[in-house]
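**Student:** What follows is a single structure, and I will ask about it in a moment.
Every number here is computed from the coordinates shown, using simple stated rules; none is lab data. As the structure is a computational prediction, the values presented were derived from the model and not from experiment. Don't worry about glycine lacking a Cβ; one is built from the backbone with ideal geometry, like all the others, and counts go over all protein chains shown.
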Amino acid sequence: MGLIVQKFGGSSVADAEGMKRVANRIVAAKRDGNQVVVVVSAMGDTTDELIDLANAVTPIPQGRELDMLLTAGERISMALLAMAINNLGFEALSFTGSQAGVITYSVHGKARSIDVTPGRIREAIDSGAIAIVAGFQGISQDTKDVTTLGRGGSDTTAVALAAALDADVCEIYTDVDGVFSADPRAVPAARKLKTVTYDEMLELAASGAKVLHLRCVEYARRYNLPIHVRSSFSTNEGTWVVKDHPEGGAMEQAIISGIAHDKSEAKITIVGVPDRTGVAARIFQAIADADINIDMIVQNVSAAATGLTDISFTLPKAEGAAATAILQKLQGEVGFASIQYDDQIGKLSLVGAGMRSHPGVTATFFGALSDAGVNIEMISTSEIRISIICRQADLERGAKAAHTAFELDADQNEAVVYGGTGR
Ligand code: ADP
Ligand code: ASP
Ligand code: MG
């Protein structure tokens, strides 16, 4: 008995059958006496298909129009899901992000939410209806334009609504049984985690484990809201994302809680940069002014003979064209030799609170990669994470090797992938 927010991802509502299956699940929660708010994503790979369509029309789609296009995907889902629920004899009302009170900053494509004022959602559930909200979208406070929260952002809509409505739990329904020690699509020996802490999940999400959107974990941590990640295709208990592992939880002792891999980044190398104070600042200011997030940076020691150095950094592939265009404009002013763009890289990250107190984690990791024939191109670390860049073609082999080396492989096959294309 309480208020539940349930979020269903694209693979859970990929077709009419999926919509009906999910509708039954929602109705069951309502029958149990709960108030139910549902957040839904676009059907299947709709968002990717809409992006392909935009790119077929122009190489750099305008942010405002791209957001307008992409939010159509979630609108289709919310209306169909409401119809499927109505067909089961329960009242359901669908709402866009703007109607649900999701207010954001005005940056297109990755807007942060400022505030959630779900007055209409509260009204709907108090009147006995099930509220269905389009995930991933909001409205900008200044421009009143439609915005999107970044790929995978429906998770954040769900947790932000759950926090604003003071829900008892936020359930994230997806196409695997929970959060695993690695992506089950790449590492079939992955094991399901019973619990994972907000801090561990933040590092995993930031490192590309797209099972949860990074910002949704930040929200949950801020409001101490439990998230239950589970499958919409099974009734198995999933993974609880919580503040601390329960007493005696297996994860307490584990050095490594999970391995994440990421194919979504590209690497830009600026060749022959004059090694002078202020040059790096000038380059990265220009990138920042365009709201482009960068991840790893490596600057080599400059060659004594020339006083020139190379700077490499990684960034989301989706921003590669925009960043390259900015740097080309800067070439005359800064005076570097050339720009190289490489979108065939992969990032592999090892996450675990235990690495703080256990020496030798890096040596074991690099040893496993070397045995698997994976060459390391860049390295970065945080207190509880080690990340490397390698060739994309080597990424999954490296993930499997590291998983085995840290004895994370499950005894029996636990990792079932129920749906989705992994796109
Ligand atoms: P949804 O459409 O439900 O939002 P996503 O595709 O965004 O689903 O996220 C679920 C996918 O996340 C899984 O199918 C899996 O391939 C991937 N994934 C990556 N890392 C992990 C992990 N550590 N545990 C579980 N799933 C993971
Ligand atoms: N449909 C959006 C995407 O594919 C948002 C989401 O699924 O969470 O990124
Ligand atoms: Mg997702």
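**Student:** In whole Å, what is the distance between the alpha-carbon centres of region 48-62 and region 188-248?
**Tutor:** Each part reduced to its Cα centre gives a spacing of 32 Å.
**Student:** Still on this structure, please answer the following. Which chymotrypsin sites (Phe, Trp or Tyr not before Pro) from region 222-316 combine a DSSP loop assignment with at most 15 other Cβ atoms within 10 Å? All intermediate terms of the calculation are to be shown ahead of the outcome.
**Tutor:** On the way: sites: TYR223, PHE233, TRP240, PHE284, PHE313; in loops: PHE233.
In loop regions of region 222-316 (DSSP not H, G, I, E or B), there are no sparsely surrounded chymotrypsin sites (Phe, Trp or Tyr not before Pro).
**Student:** If the label point is 7 Å along Cα→Cβ of ARG391, which residues in region 180-220 have backbone nitrogen under 11 Å from it?
**Tutor:** In region 180-220, the label zone of ARG391 (backbone N under 11 Å from the point 7 Å along Cα→Cβ) covers no residue.
**Student:** Can you list the aspartates and glutamates whose alpha carbon is less than 15 Å from that of LYS30, not counting same-chain residues fewer than 8 positions off?
**Tutor:** Cross-link targets: GLU91, ASP126, ASP168, GLU171.
**Student:** When we measure straight from the Cα of LYS192, which aspartates and glutamates land under 13 angstrom away, once same-chain ones fewer than 8 places off are left out?
**Tutor:** The qualifying aspartates and glutamates are ASP177, ASP183, GLU237, ASP409, ASP411, GLU414.
**Student:** Further, regarding this structure: Can you give me the angle between helix 16-31 and the longest principal axis of the chain, using Cα atoms only, in degrees from 0 to 90, rounded to the nearest 10?
**Tutor:** For helix 16-31, the angle is close to 60 degrees.
**Student:** Principal axis extents for the chain, Cα atoms only, whole Å, descending order, please.
**Tutor:** 78, 52, 34
**Student:** Step through the residues of region 190-199 one at a time and calculate ³J(HN,Hα) from phi using the Karplus curve (6.51 cos²θ - 1.76 cosθ + 1.60, θ = phi - 60°), rounding each to whole Hz and writing x for Gly and Pro.
**Tutor:** Going residue by residue, I get 4, 10, 6, 8, 6, 9, 9, 7, 3, 5 Hz, with x marking Gly and Pro.
**Student:** Shifting gears a bit: For GLN62 and ASP411, what is the calculated FRET efficiency with R₀ set at 45 Å and r taken between the beta-carbons, to the nearest 0.05?
**Tutor:** According to the calculation, E is roughly 0.30.
**Student:** Fewest to most neighbouring Cβ within 10 Å: what's the order for ILE103, ILE130? Please list the in-between numbers first.
**Tutor:** Working: ILE103 17, ILE130 26.
The fewest-first ordering by Cβ neighbours comes to ILE103, ILE130.
**Student:** For region 133-183, rounded, prolate or oblate, judged on the Cα gyration tensor with a ≥ b ≥ c (square roots of eigenvalues), a/c < 1.5 rounded, else prolate if a/b > b/c?
**Tutor:** Numbers: a/c = 3.26, a/b = 1.64, b/c = 1.99.
Cα axes put region 133-183 in the oblate bin.
**Student:** Determine the percent antiparallel among the DSSP beta bridges restricted to the chain, to the nearest 5.
**Tutor:** Numbers: 44 of 73 bridges.
About 60 percent, rounded to the nearest 5.
**Student:** Also, quick follow-up: Which is the longest stretch in the chain that no exposed loop site breaks, taking sites as GluC sites (Glu not before Pro) with a DSSP loop state and at most 10 other Cβ atoms within 10 Å? Don't skip to the answer; put the middle values down first.
**Tutor:** Numbers: sites that count: GLU247, GLU383, GLU407.
With a cap of 10 other Cβ atoms within 10 Å, the longest stretch comes to 1-246.
**Student:** Would you mind telling me the antiparallel percentage of the DSSP bridges in region 173-280, rounded to 5? It would help to have the intermediate numbers written out before the result.
**Tutor:** Numbers: 4 of 9 bridges.
For region 173-280, the DSSP antiparallel bridge percentage is about 45.
**Student:** Can I ask one more? Compute the acute angle (0 to 90°) between the alpha-carbon long axis of helix 279-289 and the principal axis of greatest extent of the alpha-carbon atoms of the chain; round to the nearest 10°.
**Tutor:** With both axes taken from Cα atoms, the answer is about 20 degrees.
**Student:** Please compute the modelled spin-label separation between ASP275 and LYS144, points set 7 Å along Cα→Cβ, answer in nm with one decimal.
**Tutor:** 5.6 nm
**Student:** Over 24 Å between C-alpha atoms is what I'm after, so list which of LYS263/LYS329; LYS7/LYS243; LYS20/LYS243; LYS210/LYS317 land there. Intermediate results must be reported in sequence, preceding the final value.
**Tutor:** On the way: LYS263/LYS329 28 Å; LYS7/LYS243 21 Å; LYS20/LYS243 34 Å; LYS210/LYS317 15 Å.
From LYS263/LYS329; LYS7/LYS243; LYS20/LYS243; LYS210/LYS317, over 24 Å: LYS263/LYS329; LYS20/LYS243.
**Student:** Measure nothing fancy, just the Cα-based angle from helix 361-371's long axis to the longest principal axis of the chain, in degrees from 0 to 90, nearest 10.
**Tutor:** Tilt relative to the chain: about 80 degrees.
**Student:** Check which residues have an amide H placed less than 5 Å from THR104's amide H, if you skip close sequence neighbours.
**Tutor:** When sequence neighbours closer than 5 places are left aside, the close amide H contacts are ILE114, ILE139, SER140, GLN141.
**Student:** I need the trypsin sites (Lys or Arg not before Pro) found in region 129-227, filtered to DSSP loop residues with at most 13 other beta carbons within 10 Å of theirs.
**Tutor:** Values: sites: LYS144, ARG151, ARG185, ARG191, LYS192, LYS194, LYS210, ARG215, ARG221, ARG222; in loops: LYS144, ARG151, ARG185, ARG191, LYS194, LYS210.
When the trypsin sites (Lys or Arg not before Pro) of region 129-227 are filtered for loop state and at most 13 Cβ neighbours within 10 Å, LYS144 remain.
**Student:** Using a 7 Å offset from Cα along Cα-Cβ at ALA79, what residues in region 38-57 end up with backbone N under 13 Å from the label point?
**Tutor:** Those under the cut-off are none; the list is empty.
**Student:** By its C-alpha gyration tensor, with a ≥ b ≥ c as the square roots of the eigenvalues, how is region 19-150 shaped: rounded for a/c under 1.5, else prolate for a/b larger than b/c, else oblate? Intermediate values should be presented prior to the final figure.
**Tutor:** Values: a/c = 3.19, a/b = 1.57, b/c = 2.04.
The shape class here is oblate.
**Student:** Same structure again: Could you tell me the center-to-center distance, by alpha carbons, between region 367-423 and region 94-173 in angstrom?
**Tutor:** Here the two parts' Cα centres lie 34 Å apart.
**Student:** On to the next question. Can you work out the Karplus-derived ³J(HN,Hα) for every residue in region 402-409? Use 6.51 cos²θ - 1.76 cosθ + 1.60 with θ = phi - 60°, whole Hz, and x for glycine or proline.
**Tutor:** Taking θ as phi minus 60°, the curve returns 5, 4, 5, 4, 9, 6, 9, 4 Hz for region 402-409.
**Student:** So, with +1 on the Cβ of K and R and -1 on the Cβ of D and E, and no other charges, what is the size of the charge dipole of the chain about its Cα centre, to the nearest 20 debye?
**Tutor:** 340 debye
**Student:** In addition: Only bridges with both residues in region 80-155 count here: give the DSSP antiparallel percent, nearest 5. Numbers along the way, then the final one.
**Tutor:** Values: 6 of 12 bridges.
Roughly 50 percent of the DSSP beta bridges within region 80-155 come out antiparallel.
**Student:** Taking a spot 7 Å from the Cα of LEU308 along the direction of its beta carbon, which residues of region 266-282 have an amide N less than 14 Å from it?
**Tutor:** Only 270-276 pass the distance filter.
**Student:** Principal axis extents for region 169-315, Cα atoms only, whole Å, descending order, please.
**Tutor:** Principal-axis extents of region 169-315 (Cα, largest first): 64, 32, 30 Å.
**Student:** Another question, then. Over 13 Å, how big is the tail of the calculated P(r) for region 167-208, in percent of all Cα pairs? Intermediate values should be presented prior to the final figure.
**Tutor:** Numbers: 535 of 861 pairs.
Percent of Cα pairs beyond 13 Å in region 167-208: 62.
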